[in-house]
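Undergrad: Have a look at this one.
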Amino acid sequence: MAFLMVMAVAVSVYAWPAVFPTGTTLYKPDKAFNGYTLYAPNDAKGKALKPYDTDAKAFLIDMNGNVVHTWKLPFPPGDHGVLLPNGHYLMLGVTKEAAPGRPGVGKYHMGGEAGYLFELDWDGNIVFQYKDLNSNHDFDKLPNGDYIYVAWEKVPKDIQKKVRGGQKGTEFKDGSMFSTYFREVTPQGKTVWEWHAYKHFDTDIDIIGPIHPRSEWDHCNNIDVMENGNILTDFRHLDSMMVIDKKTKNIIWRWGNVAYLDKKTGALEFRRTGPMQLGTKNKTMGGPHDCNEIAPGLPGAGHFLCYDNGMYVDTSRAVEVDPKTGKVVWESASSRGPGPKITRRHFSSFISGAERLPNGNTLICAGANGRFFEVTPAKEIVWEYINPRDGQTFTGGMVFRAHRYGPDFCPQFKNLPPAKGPAVIPPSNSDLRIPAKGMK
């Protein structure tokens, strides 16, 4: 009988519902940062070859999940888009246009491909476009009006031979390996600055993590221009984030990498990762995304916030790091170890993001699940939304990144319905906390 009771408990712990709720599933108006959330679901990847040859859209929702504005996109979203203070929508668009040796598609598939950088006005009209079939993942608009974006290129063979780590024999069939370049262009499309990763990486330091393929040295998925003009970025295959000095182009700060070279023995080693390492003492990451500098005026200003996908521990976290000390000063969840245990474990093995809100809360996008949630510094969930727009494709419910904007962010918001709405209270038996000790 005791065995049957244990089994019954186990079944209840591991059971999942047949139907999942979507839309806003939890909302505490007095604790949340009431604004509008922007996202573009990955439900229209298609084979678009010309603008608007797709039904792709981006959505702006209020706190109760009501759509208050949409943009019809010229191409399916290349991962995500952002709002600018003038109400324009800046995005990468995915085109399947073929070109000899084009990275990201065909025989060089890598995920995150784009092709065009677009700026649309509030009504969806194209006011800027720039074509680079090597472009992928992310971009930023600089204070001077220039645009900067991420792109792929092949690693020269002589350098590739020196690259350490990764899964042996996982280069592309023709032996190719790719890395990243950043390009800054003016509104007229003139290139004014470039940075090529393979010229600045150190093969003794920038080592591919043991779980990643060698098809790419780094797999960059983020670029963030800091307040001082330098560049904060992260590299999934290197399990790390870095700061690049814009003037010298040197890498001046690194954090998170798992693999390292023991110079005494010449052996490739790995820093300890595992469930017992979760918590603020864990200074490694597993396949991270969306590192960004917390802006002036926000709680934690100057710190770096990153979505650590947790590929080595099967538990993701938004992690806040003080770049001056290298210490973790906050993280969104830890299933074991010291610290509060309020939010349940969350895990998204790829995509995803995190951003600090003006009230000190953090908005997290667990992208693989199409789930956005806002947590307080004490790790209480005060808002949650599940993407209901799953489209007709395998990746339909996924969302690369979501963004929250205050009700006065741009002039167009004054014509929208109020962002704040009535509370949404989940069923009383819903589990908003991590399971009790001893339960998984």
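The values are calculated or read from the model by the stated rules, or taken from the named source; none is laboratory data. Fair warning: this is a prediction, and the values are worked out from it, not measured in the lab. Cβ atoms come from the backbone with ideal geometry, glycine included; neighbour counts cover every protein chain shown. To get the accessible areas, we keep the full protein, side chains included, count just its heavy atoms, and leave off ligands, DNA and RNA. Shrake-Rupley method; radii C 1.70, N 1.55, O 1.52, S 1.80 Å.
Undergrad: Say we look at region 201-233 and pick out the residues that are open to solvent by 10 Å² or more (accessible area, probe 1.4 Å), among the charged types (D, E, K, R) and in contact with a strand residue (DSSP E or B) (Cβ under 6 Å, 6 or more places away or on another chain); which of these is nearest to ASP79 (Cα to Cα)?
TA: For region 201-233, the residue satisfying everything is ASP224.
Undergrad: Condition first: closer than 30 Å to GLY87 by Cβ, open to solvent by less than 60 Å² (accessible area, probe 1.4 Å) and either in a loop (DSSP other than H, G, I, E, B) or among the hydrophobic types (A, V, I, L, M, F, W, C) (or both). Now tell me which residues in region 141-198 satisfy that.
TA: Within region 141-198, LEU142, GLY145, ASP146, ILE148, VAL150, ALA151, PHE182, VAL185, THR186, GLY189, TRP193 qualify.
Undergrad: Now for a separate question. Kindly list the number of the only condition in (1) of a type outside the set (Lys, Arg); (2) open to solvent by 10 Å² or more (accessible area, probe 1.4 Å); (3) at positive phi; (4) in contact (Cβ under 8 Å) with a residue 60 or more places away in the chain that fails for LEU84.
TA: It fails just one condition, (3).
Undergrad: What number goes with the only condition from (1) at pLDDT below 85; (2) in a loop (DSSP other than H, G, I, E, B); (3) in contact with a Pro (Cβ under 9 Å, 6 or more places away or on another chain) that VAL13 does not pass?
TA: Only one criterion is unmet by VAL13, namely (2).
Undergrad: Any chance you could count how many residues in region 246-256 are farther than 16 Å from TYR181 by Cβ and open to solvent by 30 Å² or more (accessible area, probe 1.4 Å)?
TA: Selection size over region 246-256: 5.
To keep it simple, each residue is scored yes or no on (1) over 21 Å from SER352 (Cβ atoms); (2) touching a strand residue (DSSP E or B) at 6+ places or on another chain (Cβ under 6 Å).
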residue: PRO29; (1), (2): yes, no
residue: PRO51; (1), (2): yes, no
residue: GLY65; (1), (2): no, yes
residue: HIS80; (1), (2): no, no
residue: LEU92; (1), (2): no, yes
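Undergrad: Any residue in region 91-116 that is free of Cβ contacts under 8 Å to residues at least 12 places away in the same chain and open to solvent by less than 40 Å² (accessible area, probe 1.4 Å) sitting within a Cβ distance under 8 Å of a residue that is part of a loop (DSSP other than H, G, I, E, B) and of a type in the set (D, E, K, R)? List the pairs, counting only those 6 or more apart or interchain.
TA: Partner pairs satisfying both residue conditions: VAL105/LYS96.
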